[in-house]
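Just below is one structure, and these are the notes that go with it.
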Amino acid sequence: MMFGPQIAPSGRLIGYARVSTKSQKLDLQHDALRRAGCERVFEDHGVSGAKARRPGLDQALACLREGDALVIYKLDRLGRSVAHLAELLRVFEERGLHLCSLSEGINTQTIGGKLVFHMFSAMAEFQRDLIRENTLAGLEAARERGKRPGRPRKLTARQVSAAARSVRRNGASIAATARRYDVSPATMWRAVAG
């Protein structure tokens, strides 16, 4: 069976369909995937795209062999973000798999589809670099204002010294000392051990 505009797949066509809520229907996606020639269609019904683990997608990915194509109705049915899509496409390339998105006309078996793959990879890298750059700039700005990033400390330096003396010199237990300062034993242990 022909796939897309005059493109024959080198392997099997495996479909994947997903809707986010139980009340949504998969019929439109199923019909499009069957018309495209998918021999099997895996699905996630009522599973958000934000979920890292999606049983239907995991099964579809496990079913794919080199030369096969995963066919989806739209890109947003597959990936949670540009970075997630780029990571999936990288895995597909390593495994010799293809991705075909019917609505967007993307087929990684074509030159145009390969271009889209590289654009997704570049966008994901750009997004990661922007996040890293903005995070570092924010931390530097906070330091310049005299702020210490992160959660505020539960114990002051004076309290840590007093607690450490109580534990080391007086033999007080970590648990009792933690209760006295209204912190968890783990917090007290980290404070006096440091």
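Just so it is clear, none of the values below were taken in a lab; they were calculated from the coordinates. This one's a predicted model, so the numbers in the text were calculated from it and none came from an experiment. Methodologically, a virtual Cβ is constructed for each residue, glycine included, from the backbone with ideal geometry; neighbour enumeration extends over all protein chains shown.
Taking each DSSP H run with n ≥ 4 as -39500 (n - 2.57) and averaging over every residue of the chain yields -15500 deg cm²/dmol at 222 nm.
DSSP beta bridges confined to the chain are antiparallel in about 20 percent of cases.
Between Glu43 and Ala17, the built amide H atoms are under 5 Å apart, and every one of these is 5 or more places off in sequence or on another chain. By the count of neighbouring beta-carbon atoms within 10 Å, fewest first, Val71, Val91 end up ordered Val91, Val71. Residue by residue, segment 11-21 carries 3J(HN,Hα) couplings of x, 7, 9, 10, x, 9, 10, 8, 10, 7, 10 Hz when phi is fed to the Karplus relation 6.51 cos²θ - 1.76 cosθ + 1.60 (θ = phi - 60°); x denotes Gly or Pro.
Please work out which option in [x] 82, 36, 31; [y] 53, 41, 34; [z] 64, 51, 36 gives Cα extents along the principal axes in Å calculated from these coordinates, and answer with its label. Checking each listed value against the structure points to [x]. Amide H to amide H, with H built 1.01 Å from N, Gln24 comes under 5 Å of no residue 5 or more places away or on another chain. Summing charges over neighbours of Leu28, with a neighbour being any other residue whose Cβ is under 13 Å away from its Cβ, gives +3 when K and R count +1 and D and E count -1.
Annotation: the residues Glu140, Glu87, Glu43, sorted from fewest to most other C-beta atoms within 10 Å of their own C-beta, follow the order Glu140, Glu87, Glu43.
Among Leu136, Leu33, sorting on how many other beta-carbon atoms sit within 10 Å of each Cβ, with the fewest leading, yields Leu136, Leu33.
By how many degrees, 0 to 90 and rounded to 10, does the Cα axis of helix 82-95 deviate from the longest principal axis of the chain? For helix 82-95, the angle is close to 60 degrees. 3J(HN,Hα) couplings calculated from phi for segment 160-169 with the Karplus curve 6.51 cos²θ - 1.76 cosθ + 1.60 (θ = phi - 60°) are, in sequence order, 4, 4, 5, 5, 4, 4, 4, 6, 6, 8 Hz; Gly and Pro show x. Pairs of lysines 8 or more apart, or on different chains, with alpha carbons under 23 Å: count those in the chain, would you? Lysine pairs meeting both conditions in the chain amount to 6. Shown in residue order for segment 137-149 are the 3J(HN,Hα) couplings computed by the Karplus curve 6.51 cos²θ - 1.76 cosθ + 1.60 at θ = phi - 60°: 5, x, 5, 5, 4, 5, 4, 5, 8, x, 9, 9, x Hz (x for Gly and Pro).
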